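In what follows, a structure is listed as structure tokens, so that the remarks can point back to it.
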Amino acid sequence: MEIRESEQLFSRAKELMPGGVNSPVRAFQSVGGTPRFIHRAKDQYLYDEDGNAYIDYIGSWGPMILGHNPDFVLDAVWDQLQYGLSYGAATALEVEMAELITEMVPYVEMIRMVNSGTEAVMSAIRAARGFTGRDKIVKFEGCYHGHADAMLVKAGSGVMTAGIPDSSGVPRGCTADTLSAVYNDLDSVQQLFEQYPEEIACVIVEPVAANMGVVVPKEGFLQGLRQMCNKYGALLIFDEVITGFRLLANGAVGYFGITPDLVTYGKIIGGGMPVGAYGGRRDIMQLVAPLGSVYQAGTLSGNPVAMRAGITQLRYLKAHPEVYQQVDSLSTRLRSGLTDIIQQHHAACTVNGVGSLSCLYFTAEPVTDYASAKQADIAAFRQYFHFMLDHGSYFGPSQFESIFVSNAHTMRDIEKTLSDAEDYFSGK
Ligand code: KE4
């Protein structure tokens, strides 16, 4: 596969941007080799600067549930551009977005738009601390909630990929109140509540942990968190930046039937544009400025072009629930096909997943938390990743990311990917 353009761009990029990228996981650090510099994308395909085409299983890390550049989203963005790019003033589009999200997820009574998942989480944590008057927060090892200081404790995604347990440059004071628990282990949470019965403002959790690969909550885990938060007067925050509007139109709340106090969104709600949001109970959100004392602001929050893209994508998802059956059935086929292949070849691998989120781990042991995810053989993943990339399937360049499927993918794409995986594991 000819990748000269990407190679030349990468050498220029590395002189000017840390690692040559604007987000670490894109740098291919844990898999080695040259990141593909993407020229364009359409539907389920990415096309790099050398003209190579790939079936895209990254989907911009989640936003592209309808595939790249659906015509109706593109048309809406083109149309919106004629009215201006940004005003720094209230718009009807923000009202429409807020009405749409609160219709689709009824327990969200009030919402605030921001520009990224990191901002959404940072702000939701601040609202929880402001509402409860408590400082401590509980997160789970291997979960990733963006790069705000307080969240960079045993985080997943790029932090886990880089093998740095925590980030440097974060003063001890910023993480002193961040308590870590073990995903799928309610006892580890109970211990923290018993140690700090009146100090924990919130428990924040990815309802499906999609930043240490894909770890599905065990039966009763989310319910147990809900009950513990009720008992100790802490708030439950679902970080649905990935699962929101992906597991179902009403996300993990609809899928698992557990209602948090606050929720964070990103990715899908922007339709590919930079958008995040946090919201939930009105009595909590009313504390947010300018109504209340919890300050949070943003120059480009509720940007009209981003709102138009996000509204258009969400409206389509609301009107076409069949999208969820489609992405789920494609992903189920991918997972069952991979499972058959690794069993047939006695490969030391495990397949996890739910809905349209999947992960092929290079460990034979079950993966239920950070510790078991970390057992994966990164060198083995690296070999597989490059074989599949060279054969036209572009997975996330890290063992600890999800495989994302869109409704632009076809069963033919899945079968092609499985055929290449079969060739890989049979040593062709
Ligand atoms: P952003 O600030 O990157 O928009 O969102 C942070 C975030 C918050 N919460 C969850 C559950 C997330 O998955 C993320 C970001 N996801 C990663 C992908 N695993 C972003 C990819 C990247 O860092 O480049």
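Looking only at region 183-204, filter to residues that are within 16 Å of the ligand (Cβ to nearest atom) and out of contact with any helix residue (DSSP H, G or I) (no Cβ under 6 Å at 6 or more places or on another chain); which one of those is farthest from Ala150 (Cα to Cα)? Only one residue fits best here, namely Tyr183.
Might you let me know whether region 87-102 holds any residue that is under 19 Å from the mean Cα position of the chain (by Cα), within 16 Å of the ligand (Cβ to nearest atom) and open to solvent by less than 20 Å² (accessible area, probe 1.4 Å)? The answer is no; no qualifying residue exists. All told, Gly302 meets the bar of being surrounded by 20 or more Cβ atoms within 10 Å (Cβ to Cβ) and under 28 Å from Phe72 (Cα atoms).
A residue that is more than 16 Å from the ligand (Cβ to nearest atom), open to solvent by less than 10 Å² (accessible area, probe 1.4 Å) and touching a residue at least 60 places away in the same chain (Cβ under 8 Å) cannot be found anywhere in region 170-182. Contact annotation: residue pairs with Cβ atoms under 8 Å, 6 or more positions apart or on different chains, pairing a residue in region 277-298 that is basic (Lys, Arg) with a partner that is part of a strand (DSSP E or B) and buried (at least 23 other Cβ atoms within 10 Å of the Cβ), are Arg281/Leu262. Yes or no: Val351 in contact (Cβ under 8 Å) with a residue 60 or more places away in the chain, more than 22 Å from Glu2 (Cα to Cα) and crowded, with 16+ Cβ neighbours inside 10 Å? Spelling it out, it is not the case that Val351 is in contact (Cβ under 8 Å) with a residue 60 or more places away in the chain, more than 22 Å from Glu2 (Cα to Cα) and crowded, with 16+ Cβ neighbours inside 10 Å.
Here's a check for you: in region 262-276, which residue that is of a type outside the set (A, V, I, L, M) and open to solvent by 10 Å² or more (accessible area, probe 1.4 Å) is farthest from the ligand (Cβ to nearest atom)?
Step one: list which residues in region 262-276 are of a type outside the set (A, V, I, L, M), which gives 264-267, 270-272, 274, 276.
Filter again for open to solvent by 10 Å² or more (accessible area, probe 1.4 Å), leaving 267, 271-272, 274.
Details: Lys267: 7, Gly271: 14, Gly272: 12, Pro274: 8 Å.
The selected residue is Gly271.
Selection of region 223-242 for residues being crowded, with 22+ Cβ neighbours inside 10 Å and either more than 10 Å from the ligand (Cβ to nearest atom) or farther than 27 Å from Pro397 by Cβ (or both) yields Leu225, Ala234, Leu235, Leu236, Ile237, Phe238. Of all residues in region 1-38, those that are touching a helix residue (DSSP H, G or I) at 6+ places or on another chain (Cβ under 6 Å), open to solvent by less than 60 Å² (accessible area, probe 1.4 Å) and over 17 Å from Thr161 (Cα atoms) total 4.
Just one of the listed residues (Leu46, Leu81, Leu74) is of a type outside the set (Gly, Ala, Ser) and either farther than 22 Å from Val275 by Cβ or within 16 Å of the ligand (Cβ to nearest atom) (or both), and it is Leu46. Please indicate, with yes or no, whether at least one residue in region 103-113 is of a type outside the set (D, E, K, R), within 14 Å of the ligand (Cβ to nearest atom) and in the same structural domain as Gly257 (by TED's automatic domain parsing). Within region 103-113 (the criterion being of a type outside the set (D, E, K, R), within 14 Å of the ligand (Cβ to nearest atom) and in the same structural domain as Gly257 (by TED's automatic domain parsing)), the answer is yes, since at least one residue qualifies.
The values are calculated or read from the model by the stated rules, or taken from the named source; none is laboratory data. Source: prediction; values computed, not measured. Reconstructed Cβ throughout: ideal geometry from the backbone, glycine too, with neighbour counts over all protein chains shown. Protein only, heavy atoms only, side chains kept; ligands, DNA and RNA dropped before computing areas. Shrake-Rupley method; radii C 1.70, N 1.55, O 1.52, S 1.80 Å.
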